[in-house]
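Peer 1: Questions regarding the structure given below will be posed in turn.
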Amino acid sequence: MIKNKTTLLRADIPTPLYEARKVLIEALNYAFERCNLDLILKNYANKIGENPYIVSIGKAAYTMLKPFVKSREIRGGILVTNVKIPEKLNNIKFFKGGHPYPNKASIKSAEYLLTILKTKPPEKLLFLVSGGGSSMFELPRIPLKDLITINKLLLSSRANIEEINTVRKHLSKIKGGQLINFFKNKAYALLMSDVINDRIDLIASGLTTCDPSTFLDALEVLNKYDLWDKAPRSVKEVISAGIKGDIPETLKDCKLAEEKIENTIILKNADFLAHLEDYLKSSGFAVFNLGTDFHLYIENMVQTLVKKAQELTSQSPNKPIAIVAGGEVSLKVIGKGKGGRNQELVLRMAVEMSKFNKTFVFASLGTDGIDGITDAAGAICDSETMKRAKILSLDPEKYLKRNDSYNFFKKIEDLIFTGPTGINVKDVYCLLLLNQQNPINTL
């Protein structure tokens with residue numbers, strides 16, 4: 001899955017770090033292999049039965065749809081994703097939705113589905129939903145250009161995914177469970193989680209369940225991040241009208257939602273971390289799995305990881321240690337550089353960990369293979385990174401001020417490239433702490 005393994009394991013990496021990098025890369029590859037959707041979805045395909053009409057939406061939409069197309073007859077369906085698909089699928093209408101910002105195809109895909117639901121409601125409706133659906137599948141209450149503007153403002157603020165999706169839901173006619181109002185027959189949804197606490201109401205902004213958030217909550221998010229005055233007029237008009245009751249709220253009837261659609265999460269960040277943990281344990285590491293919901297400001301994530309590293313190495317000074325965690329950090333983008341939250345986290349970790357006398361390797365990457373609007377999934381650093389940067393006359397602080405972590409790691413040859421992975425279960429963080437007297441196993 002990691003395409004540039006040879007570059008990341010180049011000859012100039014010192015032996016202990018080379019071996020640790022090798023284990024980390026193989027551990028990530030192992031986790032990707034174990035998150036095989038063909039295997040995971042086989043049992044669900046049998047449960048759903050024959051001739052469903054399938055609506056597959058999100059970054060992992062193609063890989064989620066493929067097992068169903070291969071194994072059974074389907075009535076038809078739509079595929080909405082942001083990547084080019086390698087083949088034309090019979091009876092499937094393809095839309096290349098926008099990400100991270102919606103595009104015209106995002107709207108056309110929603111309009112097409114609503115036409116089907118209104119004129120030819122399928123007896124068996126199956127949704128396959130993964131992250132990214134918030135931007136790829138949309139029927140907005142505001143002009144597309146205004147929707148793009150408010151998404152850009154939200155995504156460059158410190159707002160987390162819950163807050164961002166709260167606003168998105170209330171600018172939409174289908175999110176926050178509103179799509180359920182168009183169902184004539186019982187539907188099913190298989191979901192891949194990339195959100196806080198695996199909350200179904202946040203996956204793709206809650207297309208298939210009831211919604212606890214309100215228009216007032218959306219206003220509070222915009223005020224919290226000083227975005228209300230910057231928001232397009234149409235955004236203010238819709239949210240103000242919703243607060244007054246002139247526009248209906250998102251779906252609040254959870255009993256109705258449960259009667260109309262059955263939701264099942266089939267893959268989540270915890271699954272990926274468990275596979276990562278298994279491989280690292282087999283390679284001789286004492287593994288500490290911190291969990292899946294680190295949705296912190298990026299500075300706080302760095303502090304959390306560094307503090308845990310210091311604590312564990314003092315408790316177990318003679319063992320190689322691995323710390324794994326998952327989530328999605330948030331940061332305020334103020335520079336005009338190129339990067340993503342994972343690459344910036346790795347650069348910040350390289351700077352902070354260099355202050356301590358520890359031999360380490362750290363990687364952070366998006367499990368979907370995309371970090372920000374770059375072609376990299378993330379990056380890797382180690383206890384020699386700052387030394388290599390100095391040799392190349394690279395000032396990490398200047399790159400951080402410009403939010404230009406991509407170009408820093410491009411020059412140091414430590415970007416991680418996977419291409420589209422076919423899954424999307426948030427970001428993963430892995431910190432390896434080495435002890436020279438206890439060499440690690442390489443499998």
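What follows is calculated from the coordinates using simple rules that are stated; it is not laboratory data. Just so you know, these numbers come straight off a predicted model, no measurement behind them. Cβ atoms come from the backbone with ideal geometry, glycine included; neighbour counts cover every protein chain shown.
Peer 1: Listed highest first by mean packing, meaning other Cβ atoms within 10 Å per residue, what order do 345-352, 229-236 come in? Numbers along the way, then the final one.
Peer 2: Details: 345-352: 24.4, 229-236: 15.5.
Per-residue mean Cβ counts within 10 Å order the peptides as 345-352, 229-236.
Peer 1: What nm value, rounded to one decimal, do you get for the distance between residue 5 and residue 230 when each label is placed 7 Å out toward the C-beta?
Peer 2: 4.2
Peer 1: Would you pull out the residues with amide H under 5 Å of residue 287's amide H, same chain only if 5 or more places away, H placed 1.01 Å from N?
Peer 2: HN-HN under 5 Å from residue 287: 322.
Peer 1: Expressed in nm to one decimal, what extension gain is obtained for the pair residue 123 and residue 91 from 0.36 nm per residue of sequence separation less their Cα-Cα distance? The partial results should precede the final answer.
Peer 2: Details: separation 32, 0.36 × 32 = 11.52 nm, distance 1.63 nm.
Stretched out fully, the residue 123 to residue 91 stretch lengthens by 9.9 nm.
Peer 1: Sticking with this structure for a sec: In Å and from the alpha-carbon atoms only, list the Rg and Dmax of segment 286-362.
Peer 2: Values for segment 286-362 (Cα only, Rg and Dmax): 13.3, 44 Å.
Peer 1: In addition: Provide the per-residue ³J(HN,Hα) series for segment 263-271, in order, calculated from phi with Karplus coefficients 6.51, -1.76, 1.60 and θ = phi - 60°, each as a whole number of Hz, with x at glycine and proline positions.
Peer 2: Each residue's phi maps through the Karplus curve to give 9, 9, 7, 9, 7, 8, 4, 4, 5 Hz.
Peer 1: Separate question: If you rank 225, 399 by fewest surrounding Cβ atoms within 10 Å, what's the result?
Peer 2: Values: 225 19, 399 24.
Going from sparsest to densest Cβ surroundings: 225, 399.
Peer 1: Where in segment 60-77 is the amide nitrogen less than 13 Å from a point lying 7 Å along the Cα-to-Cβ axis of residue 112?
Peer 2: Inside the label zone: 76-77.
Peer 1: Something else about it: Taking neighbour counts of Cβ atoms within 10 Å as a proxy for exposure, in what order, fewest first, do 210, 381 appear? Let's see the in-between values first.
Peer 2: On the way: 210 19, 381 30.
The most exposed by this proxy come first: 210, 381.
Peer 1: Could you check the spin-label model distance between residue 259 and residue 216? Points 7 Å from the Cα along Cα→Cβ, value in nm.
Peer 2: According to this spin-label approximation, the distance is 2.8 nm.
Peer 1: On to the next question. For segment 320-417, calculate the relative contact order in percent as a whole number, restricting contacts to Cα pairs under 8 Å that are 6 or more residues apart. Provide the component values of the computation, followed by the final result.
Peer 2: Details: 156 pairs, mean separation 34.9, N = 98.
Computed over segment 320-417, the figure is 36 percent.
Peer 1: Placing +1 at every Lys and Arg Cβ and -1 at every Asp and Glu Cβ, with all other atoms neutral, what dipole size does segment 37-267 have around its Cα centre, in debye to the nearest 20?
Peer 2: Values: 35 positive and 25 negative charges, 173 e Å.
About 840 debye.
Peer 1: Just the isolated ones, please: cysteines in the chain lacking another cysteine beta carbon under 4.7 angstrom.
Peer 2: 35, 381, 430
Peer 1: How large is ³J(HN,Hα) for each residue in segment 2-14, as worked out from phi by the Karplus curve 6.51 cos²θ - 1.76 cosθ + 1.60 (θ = phi - 60°), to whole Hz, x for Gly and Pro?
Peer 2: Result, rounded to whole Hz: 7, 6, 9, 4, 4, 5, 5, 10, 6, 5, 7, 7, x.
Peer 1: Amide H to amide H under 5 Å from residue 379: which residues, 5+ apart in sequence or cross-chain, H placed 1.01 Å off N in plane?
Peer 2: 364, 416
Peer 1: Below 8 Å between Cα atoms, with a sequence gap of 6+, how large is the relative contact order for segment 37-267 in percent? Before the final figure, lay out the partial values.
Peer 2: Details: 471 pairs, mean separation 44.4, N = 231.
Dividing the mean separation by the residue count of segment 37-267 yields 19 percent.
Peer 1: Ok, one more. What does the charge count around residue 29 come to, taking other residues whose C-beta lies under 14 Å from its C-beta (Lys +1, Arg +1, Asp -1, Glu -1)?
Peer 2: Details: positive: 3, 5, 21, 22, 34; negative: 26, 33, 278.
Computed value for this residue: +2.
Peer 1: What are the ³J(HN,Hα) couplings of segment 420-427, residue after residue, when phi is run through the Karplus curve with 6.51, -1.76, 1.60 and θ = phi - 60°? Round to Hz, x for glycine and proline.
Peer 2: x, 8, x, 10, 7, 10, 6, 9
Peer 1: Next question, about the same structure. Express as a percent, rounded to the nearest 5, the fraction of DSSP beta bridges in the chain (both residues included) that run antiparallel.
Peer 2: Working: 22 of 54 bridges.
Bridges in the chain are about 40 percent antiparallel.
Peer 1: Kindly put 425, 23 in sequence by how many other C-beta atoms sit within 10 Å of each C-beta, fewest to most. Before the final figure, lay out each step's value.
Peer 2: Working: 425 28, 23 25.
The most exposed by this proxy come first: 23, 425.
Peer 1: Only Lys, Arg, Asp and Glu count, each charged at its Cβ (+1, +1, -1, -1), so figure out the dipole size of the chain about its Cα centre, rounded to 20 debye.
Peer 2: Details: 62 positive and 49 negative charges, 218 e Å.
Here the chain has a charge dipole of around 1040 debye.
Peer 1: Here is a follow-up. For segment 226-325, what does the relative contact order come out to in percent, with C-alpha contacts under 8 Å and a separation of six or more?
Peer 2: Values: 52 pairs, mean separation 26.8, N = 100.
27 percent.
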